[in-house]
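Right, one structure below, let's go through it.
The values are calculated or read from the model by the stated rules, or taken from the named source; none is laboratory data. Since the structure is predicted, the reported quantities are computational estimates derived from the model, not experimental observations. Neighbour counts run over all protein chains shown; Cβ positions are idealised from the backbone, glycine included.
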């Protein structure tokens with residue numbers, strides 16, 4: 001090798017120093033560029049050359065310019081970003097529900113108290129028509145407040161469905177950009193043959209992945225070619241230059257909208273990110289409150305109706321149409337009546353204009369899972385067979401009963417089967433959910449039909465006594481809790497969930513900040529470090545130049561010999 005080999009070896013050092021200085025210069029130039037990942041010149045020793053019994057070094061060679069990044073840490077940061085975004089969405093959902101319930105709960109709670117107070121007032125003077133009207137008015141106000149609360153929360157649920165389309169558009173934009181950058185990066189890096197990272201392109205892709213992870217929780221796999229595959233819940237959205245779009249679609253199984261992969265129509269299985277949190281907001285935050293409100297409305301309607309159907313008002317009915325309908329020609333257990341009637345009976349009383357009884361008739365309701373079980377048709381036939389009454393099933397499958405004797409009317413009593421409540425005869429409420437609960441239109445039209453007596457028309461106030469304090473009475477259907485107690489419990493439970501979610505969100509934010517700080521500590525440009533590297537490359541360049549100068553001087557001496 002000799003002196004020429006020495007010059008060549010030193011020249012490799014000069015080139016390495018020049019490249020190193022260029023990398024340092026690029027880092028310094030991008031020290032304030034958001035998302036920039038600092039670079040490092042990768043060097044390795046050239047293979048040695050044998051000269052006799054010696055192995056002489058051949059200098060240094062650059063092998064690549066790579067980015068300083070901990071990919072495992074980055075993926076953890078993306079996951080923390082998904083949790084952070086999910087927490088923020090859930091926080092917003094709980095805050096919206098808290099504000100709504102805060103503005104409505106006072107009205108609903110007051111409506112319960114006012115309804116109960118109206119019953120108390122009527123129990124003191126049961127013959128006061130204005131107080132009967134007031135009971136019905138307060139009952140209507142209570143039902144309206146329940147419906148209003150339900151509708152307001154349902155509107156919040158509906159707003160989630162509108163947001164899903166925006167999320168789908170954002171996801172499709174991100175994955176299309178990632179797929180395009182996959183091709184560009186693979187091309188720039190020679191499909192992995194070049195041991196350098198495509199700076200600029202990779203930063204753009206990392207940014208898109210970070211934005212995508214805020215929408216859905218993703219799993220990233222990088223290939224040897226430099227491209228990445230993006231998975232969500234086991235389904236790939238991006239592979240090399242291919243991407244699969246998502247779209248908003250209705251899922252009959254869950255009874256709501258969701259995002260599906262367009263090509264396979266498979267649901268997007270996201271547990272975190274904005275999308276995952278939106279679904280949880282709809283199903284858990286809003287859905288749970290609606291479910292609790294439904295239980296409250298159902299228990300209130302069922303319990304009040306169960307009592308009210310046993311009694312009589314100040315006058316009998318000339319005609320009556322059931323508020324509910326059911327399937328005819330099938331046993332009552334299959335007639336789609338809610339709740340299904342049980343084995344028992346009920347009484348129909350025919351009364352004169354003064355309310356005095358003319359006759360009593362017991363209607364048997366058979367529901368023993370036997371071949372001779374009652375049907376709606378058979379019960380209507382039994383009622384129709386009573387002298388002075390006419391009964392039929394109309395085109396809407398509702399039952400109509402009419403008095404055929406002038407001046408005579410009818411009333412109900414002693415229902416042990418629950419048929420009257422299920423079919424909707426002599427009830428206080430109609431509807432059985434928070435969406436449709438209301439006062440029976442028959443009572444709205446005439447408060448004389450408000451049942452307060454158990455033993456006959458205007459005979460006593462036993463039914464009214466049973467209705468007093470109904471909202472504060474422990475109910476079996478609510479697990480031994482009262483209607484008002486359940487509502488107060490739901491409001492308190494909401495407050496606990498809000499507090500817990502805020503803590504979870506704060507924890508997710510802290511973790512994301514911690515991981516982001518660690519990530520920036522690795523990828524960010526430290527000007528002090530770059531200054532040290534710059535000095536090192538400068539000294540290396542000077543030293544290698546000095547080696548070349550010295551070798552050149554030695555060559556001149558040889559030439560002068």
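Some points to look at:
- Against the test of being in a helix (DSSP H, G or I) and in contact with a strand residue (DSSP E or B) (Cβ under 9 Å, 6 or more places away or on another chain), the options 89, 23 yield a single qualifying residue, 23.
- Within this structure, residue 140 passes the test of being touching a strand residue (DSSP E or B) at 6+ places or on another chain (Cβ under 6 Å), in a helix (DSSP H, G or I) and farther than 20 Å from residue 262 by Cα.
- Segments classed as strands (runs of 3 or more DSSP E), wholly inside segment 217-292, with at least 2 members that are under 23 Å from residue 205 (Cα atoms) and touching a strand residue (DSSP E or B) at 6+ places or on another chain (Cβ under 7 Å): 219-222, 228-232, 235-239, 246-251
- Residue under evaluation residue 225, criteria (1) surrounded by fewer than 16 Cβ atoms within 10 Å (Cβ to Cβ); (2) in contact with a helix residue (DSSP H, G or I) (Cβ under 7 Å, 6 or more places away or on another chain), criterion not met: (1)
- Qualifying residue in segment 453-461 (condition: modelled with pLDDT of 90 or more, touching a helix residue (DSSP H, G or I) at 6+ places or on another chain (Cβ under 9 Å) and surrounded by fewer than 20 Cβ atoms within 10 Å (Cβ to Cβ)): yes
- Scan of segment 328-339 for residues that are touching a strand residue (DSSP E or B) at 6+ places or on another chain (Cβ under 9 Å) and either assigned to a loop (DSSP other than H, G, I, E, B) or at pLDDT 95 or above (or both), ordered by number: 328, 329, 330, 335
- Positions within segment 275-291 being buried (at least 19 other Cβ atoms within 10 Å of the Cβ) and within 10 Å of the chain's Cα centre (by Cα), in sequence order: 275, 276, 277, 278, 279, 280, 281, 282, 285, 286
- Some residue of segment 426-436 being crowded, with 18+ Cβ neighbours inside 10 Å, over 25 Å from residue 376 (Cβ atoms) and either within 37 Å of the chain's Cα centre (by Cα) or in contact (Cβ under 8 Å) with a residue 40 or more places away in the chain (or both): yes
- Considering only residues in segment 467-503 that are at pLDDT 85 or above, under 14 Å from residue 302 (Cβ atoms) and in a helix (DSSP H, G or I), the one that is farthest from the chain's Cα centre (by Cα) turns out to be 467.
- Here the condition is being surrounded by 19 or more Cβ atoms within 10 Å (Cβ to Cβ) and without any contact (Cβ under 8 Å) to a residue 60 or more places away in the chain; of 211, 189, 173, it holds for 189 alone.
- Residue in segment 480-500 that is surrounded by fewer than 16 Cβ atoms within 10 Å (Cβ to Cβ) and farther than 30 Å from residue 114 by Cβ present: yes
- For segment 46-54, the criterion of being loosely packed, with under 15 Cβ neighbours inside 10 Å, in contact with a helix residue (DSSP H, G or I) (Cβ under 9 Å, 6 or more places away or on another chain), assigned to a loop (DSSP other than H, G, I, E, B) and at positive phi is met by none of the residues.
- For residue 415, the criteria (1) at pLDDT below 90; (2) part of a loop (DSSP other than H, G, I, E, B) hold in every case but one, which is (1).
- Taken over segment 236-256, the criterion of being surrounded by 16 or more Cβ atoms within 10 Å (Cβ to Cβ) and modelled with pLDDT under 90 is satisfied by 256 alone.
- In the set (1) within 18 Å of residue 425 (Cβ to Cβ); (2) not in a loop (DSSP other than H, G, I, E, B), the condition left unmet by residue 397 is number (2).
- Among residues of segment 462-484 that are farther than 20 Å from residue 146 by Cα, those with a beta-carbon under 6 Å from a residue that is modelled with pLDDT under 90 at least six positions away or on a different chain give the pairs 480/474.
- Of residues in segment 39-57 being free of Cβ contacts under 8 Å to residues at least 40 places away in the same chain and closer than 24 Å to residue 68 by Cα, the one nearest to the chain's Cα centre (by Cα): 40
- Scan of segment 403-412 for residues that are touching a residue at least 40 places away in the same chain (Cβ under 8 Å) and either in contact with a helix residue (DSSP H, G or I) (Cβ under 7 Å, 6 or more places away or on another chain) or in a loop (DSSP other than H, G, I, E, B) (or both), ordered by number: 405, 407, 408, 412
- In summary, residue 510 fulfils each of the numbered conditions (1) over 30 Å from residue 43 (Cα atoms); (2) loosely packed, with under 15 Cβ neighbours inside 10 Å; (3) in contact with a helix residue (DSSP H, G or I) (Cβ under 8 Å, 6 or more places away or on another chain) with the single exception of condition (3).
- Any chance residue 21 is at pLDDT 90 or above and farther than 22 Å from residue 188 by Cβ: yes
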